[in-house]
Amino acid sequence: MDEFYRVRRLPPYVFEQVNRAKAAARNAGADIIDLGMGNPDLPAPAHVIEKLKETLGKPRTDRYSASKGIPGLRRAQAAYYERRFGVKLNPETQIVATLGSKEGFANVAQAITAPGDVVLVPNPSYPIHAFGFLMAGGVIRSVPAEPNPDFFAALERALVHSIPKPIAVIACYPANPTACVASLDFYRDLVAFAKKHEILILSDLAYAEVYFDNNPPPSVLQVPGAIDVTVEFTSMSKTFSMPGWRMGFAVGNDRVIAALGRVKSYLDYGAFTPVQVAATAALNGPDDCIREMREIYRKRRDVMVDSFGRAGWHIPSPAASMFAWARLPEPFRGMGSVEFAKLLVEKADVAVAPGIGFGEHGDEYVRIALVENEQRIRQAARNIRRFLDTGIDKLHNVVPLANATRR
């Protein structure tokens, strides 16, 4: 495998180390409370499932579908953007349905990247934001993840010192993994920067509807003229609890959307038609299910922040997304996020995602997903409290621990 060019460009899959620890613990009979993967545990809306059933077995629905999405689905996505953001899109030229936002990012990288092209990617960030371009032959330059003045200072430095000049900058707000949220003023500055330097903005808005405290995240496309330089990716995975259905969208700049559509036309025939029809029903249907989803995650967030805090681990309260981004408890910071995550599985029966899996600047953090019910989250807090009360000097059978604490 090491001989293959694209595989050689990928770093080790650090999450696999935690997955192995989980598997070993479960094989030994442990009840692992898994807060690692952002895999929604809520059911898909009933009316969406009914539409899927209704469409299955109908004439022609088992045949190849449209790679860029059936017309009704693209019209439904356009209606959603106008309803939610006040943004008008042409379903024919400015929208492509994707097999989840992850596939969309990977294929837009293939569509726009030449070997050696530089792309500016937040660090830490969701892995496909960097790896999609690495696999396409591009070069990654890291910028800060938080939407603040440091972000723009890093962009300016990158424009001066990168050869060749960057072709695109990634934005992901609400952010995975950090849960940061960007303001419309931030997007105005970002669009002005992109236009000044003639680079693209690739915005990941997968968590647009997972927000709390009545503060809906904006879309960069709300900025006048943003569509000249922007493509934005959304997903139905979190909004409608449909992760396994693999349905997402790329919307925005006509030229980039056309390039993505052409690449996809060579690679796939689109999602299964009944899934696309059901997704259309979701976008056009009532939004009660979205409000219910949001309230469930808000309650879980509040329980986690409160119970983990009382257990001795302060967790910043996320304003959006289904994740919390938590710094390692002080005694454990020297060992790094992978060893800490493995230790948490072994000693507390709790799984989290190591921060270094999202970039080297995440190594003092872990990502905690709100994918267990409130009772299980409280149980995780009780387990963690016992683990923290044990004390780092009393933990045994952790080979790197002694060396890590001497650093």
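If the cut-off is 22 Å between C-alpha atoms, which lysines fall inside it for Lys58, apart from same-chain ones fewer than 8 positions away? The qualifying lysines are Lys68. Just to confirm the number: angle between the C-alpha axis of helix 184-197 and the first principal axis of the chain, 0 to 90 degrees, nearest 10? Computed tilt is about 60 degrees.
Adding -39500 (n - 2.57) for every DSSP H run of four residues or longer, then dividing by how many residues the chain holds, sets the calculated 222 nm ellipticity at -14000 deg cm²/dmol. What you get for the range 153-239, charging only the Cβ of Lys and Arg (+1) and of Asp and Glu (-1), is a dipole of about 240 debye around the Cα centre.
Considering only protein heavy atoms, what per residue accessible area in square angstrom results for the chain with a 1.4 angstrom probe?
45 Å²
Computed over protein heavy atoms with a 1.4 angstrom probe, the accessible surface ordering of Thr98, Thr273, largest first, is Thr273, Thr98. Scanning residues 5 or more positions from Ile315 or on other chains, those with amide H under 5 Å from its amide H are Gly309, with H placed 1.01 Å from N in the peptide plane. Taking only the alpha-carbon positions of the range 164-290 and ignoring solvent, what does the Debye formula give for the base-10 log of I(q)/I(0) at q = 0.10, 0.15, 0.20 Å⁻¹? Rounded to two decimals, the profile gives -0.36, -0.81, -1.26. Counting protein heavy atoms only, the chain has 52 percent of its accessible area on carbon and sulfur, 1.4 angstrom probe.
Scanning residues 5 or more positions from Val350 or on other chains, those with amide H under 5 Å from its amide H are Ile33, Val345, with H placed 1.01 Å from N in the peptide plane.
What do you get when you divide the Cα radius of gyration of the chain by 2.2 N^0.38 Å, with N the number of residues?
The value comes to 1.00.
Measuring between their Cα centroids, the range 286-339 and the range 77-152 lie 26 Å from each other. The relative contact order of the chain, computed from alpha carbon pairs under 8 Å that lie at least 6 residues apart in sequence, is 24 percent. Listed values for the range 165-171 are Karplus-derived 3J(HN,Hα) couplings in whole Hz (6.51 cos²θ - 1.76 cosθ + 1.60, θ = phi - 60°), namely 4, x, 9, 7, 10, 8, 10, and x replaces Gly and Pro. Relative to the Cα centre, the charge distribution of the chain, modelled as +1 at Lys and Arg Cβ and -1 at Asp and Glu Cβ, gives a dipole magnitude of about 440 debye. Protein-only accessible surface at a 1.4 angstrom probe places the residues Met335, Met37 in the order Met37, Met335, largest first. Between the C-alpha center of the range 221-278 and that of the range 181-200 there is a gap of 21 Å.
The angle between the Cα long axis of helix 149-161 and the main principal axis of the chain comes to about 70°, on a 0 to 90 degree scale. Once all protein chains are placed together, Glu156 keeps about 80 Å² accessible to a 1.4 angstrom probe. Couplings 3J(HN,Hα) of the range 29-39, computed from phi: x, 6, 9, 7, 8, 9, 10, x, 7, x, 10 Hz, in residue order, whole Hz [Karplus 6.51 cos²θ - 1.76 cosθ + 1.60, θ = phi - 60°; x for Gly and Pro]. In this structure, the pairs whose alpha-carbon distance is over 31 Å, taken from Lys22/Lys102; Lys238/Lys264; Lys195/Lys299; Lys196/Lys299, are Lys195/Lys299; Lys196/Lys299. Compared with the dominant Cα axis of the chain, that is its longest principal axis, helix 337-348 is turned about 60°. Summing Cβ point charges (Lys, Arg +1; Asp, Glu -1) relative to the Cα centre of the range 25-174 gives a dipole of roughly 620 debye. Note on the range 237-365: dipole from Cβ charges, positive end direction compared against Pro274, Ala351, Ser307; the farthest Cα belongs to Pro274. Taking all protein chains together, Leu202, Leu267 sort by accessible area into Leu267, Leu202, largest first [probe 1.4 Å].
The values are calculated or read from the model by the stated rules, or taken from the named source; none is laboratory data. Quick caveat: nothing in here was measured; it's all calculated off a predicted structure. All Cβ positions, glycine included, derive from the backbone under ideal geometry; neighbour counts span all protein chains shown. The accessibility values were calculated without ligands, DNA or RNA, using every heavy atom of the protein model including side chains. Shrake-Rupley method; radii C 1.70, N 1.55, O 1.52, S 1.80 Å.
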